[in-house]
Each structure stands twice: as structure tokens, then as C-alpha cells.
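Q: Can you keep this structure in mind? I'll have questions shortly.
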Amino acid sequence: MSNIFRRWIWKLKGKTVYALVGRSGTGKSFRSKLVAEKYGIELIIDDGLLIRGDKILAGKSAKREQVFLKAIKTALFDNDDQREEVIEELQKQHFKRILILGTSERMTFKIANRLKLPAPTKIFKIEEFASKEEIETAVQIRTSEGKHVIPVPTIEITRNHPQIVYDSMRIFFKKRLPIPWKKKVFEKTIVRPEFGNRGKITISEAALGQMVVHCLDEFDETIKVKKVLVKNDPDGYTLTVKLKVPMKSQISGILKELQQYIADSMERYGGVIVSQVHIEIDDWV
């Protein structure tokens with residue numbers, strides 16, 4: 001079934017797909033419940049999980065994974081069993097709106113497609129809901145302490161994965177009601193993923209190259225990596241990625257998006273701080 005036809009069917013059913021986009025660590029999970037509350041969104045897709053209110057309905061958290069590549073695959077619903085479980089649960093749920101979180105528009109479109117949802121019709125940027133200072137603080141906490149947020153109460157996480165729970169928080173949100181102002185409270189869980197446990201991390205150049213190859217395969221499988229050069233600087237890794245690109249590919253408009261996708265993915269799922277990504281078209285095929 002084509003995405004256009006699928007969107008038409010879902011539109012007839014009165015259902016809408018939204019996306020919240022921002023680079024890794026900018027606070028998307030932290031603010032997802034507030035976005036959902038503001039726009040009347042019932043379901044959230046975040047890092048491999050289908051969430052409704054304070055309950056995880058289906059899926060597998062990418063934050064459970066111990067290695068980078070598995071975390072990416074989990075977040076993108078690459079696993080057949082995980083994907084089918086979420087699709088089946090979506091079909092059972094009564095909802096009008098669903099929110100997909102991702103580090104790029106391309107990522108949210110890919111998740112929607114894999115879950116047999118239409119492409120998002122409304123895309124929010126994290127900058128619409130957080131100030132520059134708030135985003136910088138969130139990124140600093142992510143990179144220095146490795147802390148992530150899952151937008152459900154701690155009990156939902158500790159039931160199956162107590163080892164990754166770090167702390168919890170309560171968020172107060174004011175909402176205009178027919179009666180005087182009331183505060184709505186959301187509880188969120190702070191976790192330190194298994195792939196982000198504290199300790200010295202050493203990653204070989206070959207392993208970093210494998211991460212980049214996987215990122216490119218997820219971004220656009222027609223673009224192939226010819227070579228990856230790695231330089232370890234004090235501020236993070238500098239990557240030079242040499243590509244083989246199909247002659248018919250319209251790549252000029254997506255190079256910056258590709259740079260951001262590689263950096264975000266490696267930081268988000270591998271705990272790898274990437275300071276720069278240089279892309280070179282080394283060969284046309």
C-alpha cells in the first residue's frame with residue numbers, strides 16, 4: 001500500500017501523525033508529554049517504545065541495548081518481532097493523534113513507514129518548546145553524564161529494567177480549565193543506558209567505521225561508504241567520510257542533513273562525541 005493511499009485511509013479515520021525533531025540530547029523525551037498535552041496527542045513513539053499516558057504499551061527501549069548498532073536498530077524498529085508487536089498494538093488502540101520523536105525528519109518518516117503509519121503531517125522542532133539555554137544545558141548533561149529521559153513513571157521501567165534507572169522527576173504543567181488554574185503533573189524517569197554506563201570507553205577506528213557504515217545504510221542504502229578516516233581530538237572525534245554515490249542520486253541537498261544524522265546517531269547510541277563530520281564524494285557509480 002502506498003504512503004499516499006495509507007495517509008488517505010488514516011485521514012478518513014480522523015487520525016493524524018505528528019513529529020518532534022531535534023538533535024541528540026536536546027530534550028525531546030523530556031518535553032514530549034507537554035507537547036502531547038498541548039495538542040491533544042494520545043500516543044508517543046520514542047526510542048523503540050509505544051507509550052500512552054504513563055504506560056508503555058509495546059516495543060523495546062533502545063536504552064536497554066549494550067552496543068551502538070543494536071540501539072539504532074531498536075529505535076528504528078528494525079527488529080521484526082518488535083515492529084510487529086507495535087503495529088499490532090497500534091491497531092488495537094483508539095486514538096486520533098500520535099507523536100513520533102526523532103533526531104531528524106528523515107528518521108521520523110522512516111519510523112512512520114516501518115510502523116505502517118502515514119508520514120507526519122506536522123513537524124515540530126525542539127526549538128519551539130525549549131530555549132537555547134535549556135537546549136544547551138540538556139546537551140551538556142547528556143554528553144557529560146550520559147543521562148537520558150524516558151517519558152513514563154519510574155515504576156514502568158523498574159518493573160523490567162531496574163539496572164538502567166538513575167532517578168525520577170516530576171514535571172508541573174499549568175493548563176487552563178473551566179475552573180481556576182490547576183497543575184497537571186507528569187513523572188519522568190531518568191536513566192543511564194547500558195550502552196552509556198560510566199567508565200573508560202575505547203573505540204577502535206574500525207568500530208567507528210562500522211558505525212558510520214550503518215548510519216549511511218539507515219540514511220540512504222544507495223550511498224556506500226568507501227573509507228572512513230578518524231581523528232581523535234580533545235573536543236571529540238573528527239570523521240572524514242568518503243562516499244561512493246550513484247550517478248542519478250540527488251545528494252547535493254541532503255549532505256548537511258547526512259552530516260547531522262551521523263553525528264547525532266553516534267552520540268545518541270554510542271556515547272561517542274563527534275566534533276566534526278567531513279563528507280567527500282570520492283567516486284560516482
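Q: Is it the case that the stretch 81-99 has a residue that's under 20 Å from L258 (Cα atoms) and either in contact (Cβ under 8 Å) with a residue 24 or more places away in the chain or not small (G, A, S) (or both)? Let's see the steps before the verdict.
A: Step one: filter the stretch 81-99 for residues under 20 Å from L258 (Cα atoms), giving none.
Among the residues of the stretch 81-99, not one is under 20 Å from L258 (Cα atoms) and either in contact (Cβ under 8 Å) with a residue 24 or more places away in the chain or not small (G, A, S) (or both), which makes the answer no.
Q: May I ask you to verify whether E136 is at pLDDT 85 or above and either in a loop (DSSP other than H, G, I, E, B) or not basic (K, R) (or both)?
A: no
The values are calculated or read from the model by the stated rules, or taken from the named source; none is laboratory data. Only a predicted model underlies this, so the values are computations on that prediction, with no experimental measurement involved. So basically every Cβ, Gly included, is an ideal-geometry build from the backbone, and we count neighbours across all protein chains shown.
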